[in-house]
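The block underneath contains the structure these notes are about, expressed in structure tokens.
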Amino acid sequence: MVPCASAADATLADTLGGVGARIYDSEHARNGSAAVAIRSVTSSSTLARAVAAGDPVAARAAVTSIVFNHLHIVRLRVIHDGRVLSDVGGPFVLAPISGNLRLHGRLVGRYVLSIQDDIGYVKLAGRLAGLEVVMRSGGRQVMSNLSPAPASIPRHGTLTFGGVTYVTHTINATAFPSGHLQIYLLARRPSTPFASRTCFQIKVATLGNVGVYVSRRFVLSNSSYGSYISVTQGLTHALVFVRDGSRPLAGSVRPAPALLPDSGTVRFRSLSYGVFSFPTHAAGNRPIRITLLVR
């Protein structure tokens, strides 16, 4: 096995950067929660009539009703004939989604919406991947969970700040309603030497730890295993399996591998995977083991 050596920092940064990018991408992909939000906007005849009439009072009433109907829209702007009729929501918002508004098939205006604000992304990146986040736009800091934040952050590299060494990865994102937003992701370099591992081992361990972070956001049970697996697989692109001893409880695919080691590598469906597993407890303090298989 060849040690990752000087590529260890970049491997860690790129692996966690990929997770951070997937968190961001999920906020403006036109599926899941975003699809529900889009339907609530484009299917509202009340909103379409207000926009078609160019009525800002009626438009604001319709927009406010949609934003506060618990569909997780954090900001919604509607435009008629190049003029903003209404804009309701928080000031620091990212990952905008835009589209057309129609009334009886006739184009009457446009909308721009977001289902995630800056602080929401910061919290998700911390809770799901253990990342510190600094957001800047045009050289101006708009959000950070480091206070104070570093004055200068390398796009990709290492940074020692406050006595802690971080590896860094940058996402080129979009602010609301448009404009460049840099999301700097900072991951603590492990305190124990890790460059002696192979690059693939670092990748497996890093994604495995994401599985651990995500598990802490769930009350694991028969009814929630599927959701846990979906979130973890979406963030890591790993296959995820839940077992009680040798008995499979849930998994990304069926049937699950007949034998799953706690670590190392395994062949499954003619492919080779790195293995990361960890013990945890389901509801009722029931011991289970979760295993991630990383390509």
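Thr170 fulfils the conditions (1) farther than 24 Å from Leu71 by Cβ; (2) at pLDDT below 95; (3) among the hydroxyl-bearing types (Ser, Thr, Tyr) except for a single criterion, (2). Taking residues in region 21-33 that are outside the structural domain of Val210 (by TED's automatic domain parsing), and partners anywhere that are modelled with pLDDT of 80 or more and of a type in the set (Phe, Trp, Tyr), the pairs with Cβ atoms closer than 7 Å and at least 6 places apart or on different chains are Ile23/Tyr121; Tyr24/Tyr121. Taking the residues in region 2-21 that are surrounded by 18 or more Cβ atoms within 10 Å (Cβ to Cβ) and in contact with a helix residue (DSSP H, G or I) (Cβ under 7 Å, 6 or more places away or on another chain) as candidates, determine which candidate is nearest to Ser230 (Cα to Cα). Filtering first and then ranking leaves Val19. Of the residues in region 202-219, not one is farther than 26 Å from Arg188 by Cα, surrounded by fewer than 18 Cβ atoms within 10 Å (Cβ to Cβ) and touching a strand residue (DSSP E or B) at 6+ places or on another chain (Cβ under 8 Å). Surrounded by fewer than 20 Cβ atoms within 10 Å (Cβ to Cβ), at pLDDT 95 or above, in contact with a strand residue (DSSP E or B) (Cβ under 6 Å, 6 or more places away or on another chain) and not in a strand (DSSP E or B): which single residue out of Arg110, Arg60, Arg49, Arg136 fits that description? It is Arg60. Taking every residue in region 279-295 that is of a type in the set (Gly, Ala, Ser) and pairing it with any residue that is surrounded by 12 or more Cβ atoms within 10 Å (Cβ to Cβ) and assigned to a strand (DSSP E or B), at least 6 positions away or on another chain, the pairs with Cβ-Cβ distances below 7 Å are Ala282/Ile288. Determine whether region 207-219 contains at least one residue that is in contact with a Leu (Cβ under 9 Å, 6 or more places away or on another chain), within 30 Å of Thr160 (Cβ to Cβ), hydrophobic (A, V, I, L, M, F, W, C) and in a loop (DSSP other than H, G, I, E, B). Looking for residues that are in contact with a Leu (Cβ under 9 Å, 6 or more places away or on another chain), within 30 Å of Thr160 (Cβ to Cβ), hydrophobic (A, V, I, L, M, F, W, C) and in a loop (DSSP other than H, G, I, E, B), one finds none in region 207-219, hence no.
Matching residues to (1) under 21 Å from Asp14 (Cβ atoms); (2) modelled with pLDDT under 95:
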residue: Tyr225; (1), (2): no, no
residue: Arg243; (1), (2): no, no
residue: Ala250; (1), (2): no, no
residue: Arg269; (1), (2): no, yes
residue: Ser277; (1), (2): no, no
residue: Val294; (1), (2): yes, no
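Determine whether region 159-166 contains at least one residue that is over 30 Å from Gly89 (Cα atoms) and within 22 Å of the chain's Cα centre (by Cα).
From region 159-166, those over 30 Å from Gly89 (Cα atoms) are 159-166; that's our starting set.
Filter once more, keeping what is within 22 Å of the chain's Cα centre (by Cα): 166.
So far as region 159-166 goes, yes, one or more of its residues are over 30 Å from Gly89 (Cα atoms) and within 22 Å of the chain's Cα centre (by Cα).
So how many residues does region 228-261 have that are within 20 Å of Asn285 (Cα to Cα), surrounded by 12 or more Cβ atoms within 10 Å (Cβ to Cβ) and without any contact (Cβ under 8 Å) to a residue 12 or more places away in the chain? Result for region 228-261: 1.
Mind counting the residues in region 63-92 that are in a strand (DSSP E or B) and either without any contact (Cβ under 8 Å) to a residue 24 or more places away in the chain or out of contact with any helix residue (DSSP H, G or I) (no Cβ under 7 Å at 6 or more places or on another chain) (or both)?
Quick first cut of region 63-92, residues in a strand (DSSP E or B) only: 75-80, 83-89.
Next, from what is left, pick out any that are either without any contact (Cβ under 8 Å) to a residue 24 or more places away in the chain or out of contact with any helix residue (DSSP H, G or I) (no Cβ under 7 Å at 6 or more places or on another chain) (or both): 75, 77, 79, 83-84, 87.
The qualifying residues number 6.
Quick check: anything in region 79-102 farther than 24 Å from Gly179 by Cβ, at pLDDT 95 or above and in the same structural domain as Ala35 (by TED's automatic domain parsing)? Checked against the condition, which is being farther than 24 Å from Gly179 by Cβ, at pLDDT 95 or above and in the same structural domain as Ala35 (by TED's automatic domain parsing), region 79-102 yields at least one hit.
Just a yes or no: is a residue in region 236-247 in a helix (DSSP H, G or I) and either under 27 Å from Asp25 (Cα atoms) or of a type in the set (Val, Ile, Thr) (or both)? Checked against the condition, which is being in a helix (DSSP H, G or I) and either under 27 Å from Asp25 (Cα atoms) or of a type in the set (Val, Ile, Thr) (or both), region 236-247 yields at least one hit.
Checking each residue in region 139-180 for being of a type in the set (Gly, Ala, Ser), exposed (fewer than 15 other Cβ atoms within 10 Å of the Cβ) and outside any strand (DSSP E or B) picks out Gly139, Ser147, Ala151, Ser152, Gly162, Gly163, Ser178, Gly179.
Do the conditions hold for Thr168, that is, is it farther than 30 Å from Pro56 by Cβ, in contact with a Leu (Cβ under 7 Å, 6 or more places away or on another chain) and among the polar types (S, T, N, Q)? So that I can check it myself, show each step before the final result.
On the way: farther than 30 Å from Pro56 by Cβ: yes; in contact with a Leu (Cβ under 7 Å, 6 or more places away or on another chain): yes; among the polar types (S, T, N, Q): yes.
Taking the combined requirement at face value, the residue satisfies it.
Taking the condition of being over 12 Å from Asn100 (Cα atoms) and under 33 Å from the mean Cα position of the chain (by Cα), how many residues in region 48-63 meet it? Final tally of qualifying residues: 5. Selection of region 68-78 for residues being closer than 18 Å to Ser43 by Cβ and at pLDDT 95 or above yields Leu76, Arg77, Val78.
The values are calculated or read from the model by the stated rules, or taken from the named source; none is laboratory data. The shown structure was predicted, so the numbers you read here are calculated from the model rather than taken from an experiment. No Cβ is skipped: glycine too gets one built from the backbone with ideal geometry, and neighbour counts run over all protein chains shown.
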